1. Anything in the range 51-76 that is closer than 14 Å to PHE149 by Cβ and either touching a Pro at 6+ places or on another chain (Cβ under 8 Å) or within 14 Å of the ligand (Cβ to nearest atom) (or both)? List them, or say none.
2. Which residues, counting only those in the range 90-112, are touching a Pro at 6+ places or on another chain (Cβ under 9 Å) and not β-branched (Val, Ile, Thr)?
3. Out of the residues in the range 35-50 that are in contact with a Gly (Cβ under 7 Å, 6 or more places away or on another chain) and either without any contact (Cβ under 8 Å) to a residue 60 or more places away in the chain or within 6 Å of the ligand (Cβ to nearest atom) (or both), which is nearest to ASP78 (Cα to Cα)?
4. How do the strands (runs of 3 or more DSSP E) wholly within the range 137-217 filter down when requiring 2 or more residues that are loosely packed, with under 11 Cβ neighbours inside 10 Å and outside the structural domain of LEU71 (by TED's automatic domain parsing): which remain?
5. Tell me yes or no: at least one residue of the range 146-158 is touching a Ser or Thr at 6+ places or on another chain (Cβ under 7 Å), within 16 Å of the ligand (Cβ to nearest atom) and under 23 Å from ILE7 (Cα atoms).
6. All but one of (1) surrounded by 15 or more Cβ atoms within 10 Å (Cβ to Cβ); (2) not assigned by TED's automatic domain parsing to the domain that holds LYS133; (3) not hydroxyl-bearing (Ser, Thr, Tyr) hold for PHE37, so report the exception by its number.
7. Answer with yes or no whether LYS133 is over 21 Å from the mean Cα position of the chain (by Cα), surrounded by 14 or more Cβ atoms within 10 Å (Cβ to Cβ) and among the basic types (Lys, Arg).
8. Does the range 42-56 hold any residues that are crowded, with 17+ Cβ neighbours inside 10 Å and over 12 Å from the mean Cα position of the chain (by Cα), and which are they?
Amino acid sequence: MCSHVRIGDQAPDFTAETTQGKIRFHEWIGNNWCVFFSHPKNFTPVCTTELGYAAKMKKEFDKRKTKIIALSIGTVEDHKHWIPDINLSQNTTVEYPLIGDKDKKIASLYGMVHPNESETTTVRTVFIIDPNKKIRLMIAYPASTGRNFDELLRVIDALQLTDDQKVATPVNWHHGAECIILPSITDPNEIKELFPQGYREVLPYLRYTQVHEKSLS
Ligand code: BEZ
């Protein structure tokens with residue numbers, strides 16, 4: 001996969017045909033976050049489970065003001081034929097759009113086609129894009145390995161928290177767990193003001209605190 005885009009870049013904008021009509025990507029994201037993921041091919045087992053699980057998680061994404069959209073090379077008509085299989089086998093209803101990228105324009109823009117692999121399949125990639133249309137996460141997976149969509153929710157929680165407060169999240173952090181005070185904050189008065197609840201210091205540069213997080217119920 002050629003890397004055309006990098007973490008921190010502006011996500012390239014595009015117009016696309018989708019199973020829910022024509023969209024302009026940035027306009028469609030609007031003031032929301034977005035999970036944009038490609039999967040190798042329609043009518044394949046791993047992809048069927050992934051798209052079904054993503055559909056089941058839609059409510060969790062909604063709580064985080066996050067829209068989801070999938071892409072594979074092929075026509076919207078083909079995607080529409082596949083959706084009933086996903087719905088039936090995964091016991092769900094796909095309510096998010098699938099992009100039909102038959103001429104690979106969007107896949108090429110995002111570096112989703114491996115130059116030495118099949119020209120008709122996309123790599124299993126995932127991007128998290130913020131409301132400013134900046135790419136905040138990108139991961140590529142092997143074709144034979146289904147993604148962990150719960151991990152994407154965890155990263156969105158972490159990004160939304162660390163955008164709001166002067167903290168970072170430690171290994172395996174999850175919503176509600178202790179986070180880390182940014183090492184750049186060293187002034188004791190500022191620490192007191194920002195973290196009146198206190199903190200525990202393990203190392204001078206590793207200080208844990210419990211912050212108030214938005215409710216996800
Ligand atoms: C799948 O989604 O099942 C799949 C796609 C490409 C290669 C292997 C598995």
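The values are calculated or read from the model by the stated rules, or taken from the named source; none is laboratory data. Because the structure is a prediction, the values reported are computed rather than measured. Glycine gets a Cβ as well: all are built from the backbone with ideal geometry, and neighbour counts include every protein chain shown.
1. Hits for the range 51-76 are LEU51, GLY52, TYR53, ALA54, ILE69, ALA70.
2. Within the range 90-112, LEU109, TYR110 qualify.
3. Keep residues of the range 35-50 that are in contact with a Gly (Cβ under 7 Å, 6 or more places away or on another chain), which gives 42, 46, 49-50.
Of the ones still in play, those that are also either without any contact (Cβ under 8 Å) to a residue 60 or more places away in the chain or within 6 Å of the ligand (Cβ to nearest atom) (or both) are 42, 46.
On the way: ASN42: 8, VAL46: 17 Å.
Only one residue fits best here, namely ASN42.
4. Numbers: elements: 179-181, 200-203, 206-209.
Because the criterion is at least 2 residues that are loosely packed, with under 11 Cβ neighbours inside 10 Å and outside the structural domain of LEU71 (by TED's automatic domain parsing), the strands (runs of 3 or more DSSP E) in the range 137-217 that meet it are 200-203.
5. Taking the range 146-158 as the starting set, the residues that turn out to be touching a Ser or Thr at 6+ places or on another chain (Cβ under 7 Å) are 146, 156, 158.
Now restrict to residues that are within 16 Å of the ligand (Cβ to nearest atom): 146.
Adding the requirement that they be under 23 Å from ILE7 (Cα atoms) leaves 146.
Yes, the range 146-158 contains a residue that is touching a Ser or Thr at 6+ places or on another chain (Cβ under 7 Å), within 16 Å of the ligand (Cβ to nearest atom) and under 23 Å from ILE7 (Cα atoms).
6. (2)
7. Details: over 21 Å from the mean Cα position of the chain (by Cα): no; surrounded by 14 or more Cβ atoms within 10 Å (Cβ to Cβ): yes; among the basic types (Lys, Arg): yes.
Answer is no for this residue.
8. Step one: filter the range 42-56 for residues crowded, with 17+ Cβ neighbours inside 10 Å, giving 42, 46-48, 50-55.
Within the range 42-56, ASN42, VAL46, CYS47, THR48, GLU50, LEU51, GLY52, TYR53, ALA55 qualify.
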